[in-house]
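The next block holds one structure in the form of structure tokens; read it before the comments.
FYI, it's all coordinate maths here, none of it is from the lab. What you see is a predicted model; the values in this text were computed from it and never measured. Using ideal geometry, Cβ is built from the backbone for each residue, glycine included, and neighbour counts are taken over all protein chains shown.
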Amino acid sequence: MIKTFCRLLILALSVAPLAWAPAAAQQGGAAEQPAPRASTGGAQTLEDILARQRGENLDDGFRREATGDPARAAGIAAQLGTLGGASDSDVFRALRYGSADVTVSARGPATDVIIQDSGMWWLELRKGPLLIWGGWLLAAMIVVVLVYLSIRGPIRIEGAKTGRSILRFSAIERFSHWLLAGSFILLGLSGLITLFGRFALIPIFGKDFFSVIALASKWIHNNVAWAFMAALVMVFVCWVVHNVPNRADLIWLAKGGGLFSKHVHPPARKFNAGQKIVFWVVIVLGISISASGLSLLFPFEMPMFAKTFEILNALGLPQLFGMGELATEMTPHEEMQYAQLWHSVVAFVFMAIIIAHIYLGSVGMEGAFESMETGEVDRQWAKEHHSLWYEEVVAEEQEAASREAPATPAE
Ligand code: HEM
């Protein structure tokens with residue numbers, strides 16, 4: 001199940017930000033015929049148990065329906081008489097398959113689901129492959145950045161600095177960026193503590209102190225998310241016009257942005273093709289992570305995966321990858337499980353990309369950080385990295401100067 005889930009994940013990542021496609025949701029598949037159950041009196045056989053452990057789809061109707069027969073109940077003779085024809089195991093089966101008549105005092109959606117053992121695949125995935133692959137992805141990105149740094153070194157300003165600066169980012173642009181960056185870093189760290197803490201921090205700090213860290217992380221994560229969403233909107237509004245692709249981007253990409261060779265400075269406007277990719281990745285992944293995050297923040301109130309699967313099925317995408325139709329009906333808990341997995345997968349991909357961005361925006365490129373710190377960059381930096389934008393700004397400056405210059409009196 002986990003293997004098929006990963007295949008589906010690759011599809012989902014490549015096609016839509018909200019798409020989430022675990023094979024666990026698929027019905028059917030190669031079901032192995034269970035062995036005759038007469039020998040167990042209708043209960044499951046060893047082969048049934050082994051098939052389940054192998055992750056095979058098993059028609060377990062024989063268990064789902066074995067939840068007691070009221071007609072076979074002994075009559076209620078006295079105060080301590082039987083309440084029905086169900087044994088403890090009958091009752092537990094009814095609870096597990098969601099057919100028990102449950103009454104709970106707690107209010108809210110899905111509070112009457114007492115057992116959800118169909119969520120075991122999610123638990124296994126969350127504490128196994130998700131942690132391992134996510135952790136490796138971040139580690140791999142750090143290694144890539146370090147290797148790049150050791151081979152290429154920081155990208156220096158090649159010409160002589162002019163000592164004259166030019167305004168690159170206004171105060172509102174810088175505020176939006178740092179709000180986004182600050183909230184992202186807090187969300188990333190608190191999210192990682194939530195996911196890895198139980199395994200990584202309890203052995204170091206013990207359970208008592210970890211509970212304080214975990215509670216603080218949860219509080220930070222739930223509240224800082226609002227700042228992140230607000231900053232995402234602000235960044236989008238500030239920069240969308242500068243991130244529309246143009247012809248110069250193709251040349252920039254063809255030359256690798258000058259990132260891999262010295263003395264190469266492909267022309268670029270305010271943002272080059274690499275930055276445009278970062279911008280759109282931030283917007284698309286930002287929206288997707290916010291949507292799944294809201295779904296987690298308001299449990300059971302914002303189900304979105306059954307709908308997404310429906311759209312994917314209609315587009316024929318899962319079928320294209322040989323995965324059949326995805327389940328379009330799911331329980332409220334399954335919706336939450338998909339939301340949690342999708343949220344984490346997007347977060348890992350997002351963090352990996354941002355690690356590269358942070359490198360280039362700080363130690364990786366001389367003069368870049370100033371643009372976000374003071375808003376100003378040296379003219380030589382602008383000329384080398386954003387020549388088309390620099391020319392535009394200079395032209396605007398000249399135009400403004402000529403407008404302000406006193407008109408020459410007519411002879
Ligand atoms: C300490 C962390 C960070 C540093 C040092 C940093 C630095 C920078 C700098 C210097 C720029 C402007 C580059 C230029 O002048 O052309 C920039 C732009 C940008 N930053 Fe950051 N940044 C950080 C974190 C983040 C985070 C966490 C996000 C998003 C989640 C983000 C999103 C962006 C975007 C969308 C842009 C515009 C496109 C681009 O230049 O790539 N930054 N950042």
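Quick look at the numbers
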read-out: Value of relative contact order over the chain, rounded to a whole percent, pairs C-alpha under 8 Å and six or more apart; value: 22
read-out: Rounded D (µm²/s) - segment 257-411, Kirkwood Rh over Cα pairs, Stokes-Einstein at 4 °C, 1.567 mPa s; value: 65
read-out: Furthest towards positive pole of dipole, ALA356, PRO36, ALA216, structure part the chain, Cβ charges; value: ALA356
read-out: Karplus (6.51, -1.76, 1.60) ³J(HN,Hα), θ = phi - 60°, over segment 113-124, in Hz, Gly and Pro reported as x; value: 8, 8, 10, 10, 6, 6, x, 4, 4, 5, 4, 4
read-out: Size-normalised alpha-carbon gyration radius of the chain, reference 2.2 N^0.38 Å; value: 1.34
read-out: Residue order, fewest to most beta carbons within 10 Å, for THR308, THR328; value: THR328, THR308
read-out: For segment 321-327, Karplus couplings with θ = phi - 60° (6.51, -1.76, 1.60), whole Hz, Gly/Pro x; value: 8, x, 10, x, 7, 7, 5
read-out: Dimensions in Å of segment 338-411 - Rg and Dmax from alpha carbons; value: 21.4, 79
read-out: Positive minus negative residues near ARG37 (Lys, Arg vs Asp, Glu; Cβ under 12 Å); value: -3
read-out: Rg and Dmax [Cα atoms of segment 246-328; Å; Rg one decimal, Dmax integer]; value: 19.6, 55
read-out: Restraint check, LYS161/LYS255; LYS161/LYS383; LYS255/LYS383, Cα-Cα greater than 19 Å; value: LYS161/LYS255
read-out: Check: the chain dipole with +1 on Lys, Arg Cβ and -1 on Asp, Glu Cβ, in debye; value: 840
read-out: Nearest-ten-degree value, helix 332-361 long axis tilted from longest Cα axis of the chain; value: 20
read-out: Calculated P(r) tail over 20 Å for segment 97-240, as whole % of Cα pairs; value: 73
read-out: Within straight-line cross-link reach of LYS218, lysines at Cα separation under 25 Å, skipping those fewer than 8 residues along the same chain; value: LYS127, LYS207
read-out: Selection from ALA368, LEU320, ILE283 lying farthest towards where the dipole of segment 281-400 points positive, charges on Cβ; value: LEU320
read-out: Phi-based couplings in Hz for segment 158-163 (Karplus 6.51, -1.76, 1.60; Gly and Pro marked x); value: 7, x, 6, 5, 8, x
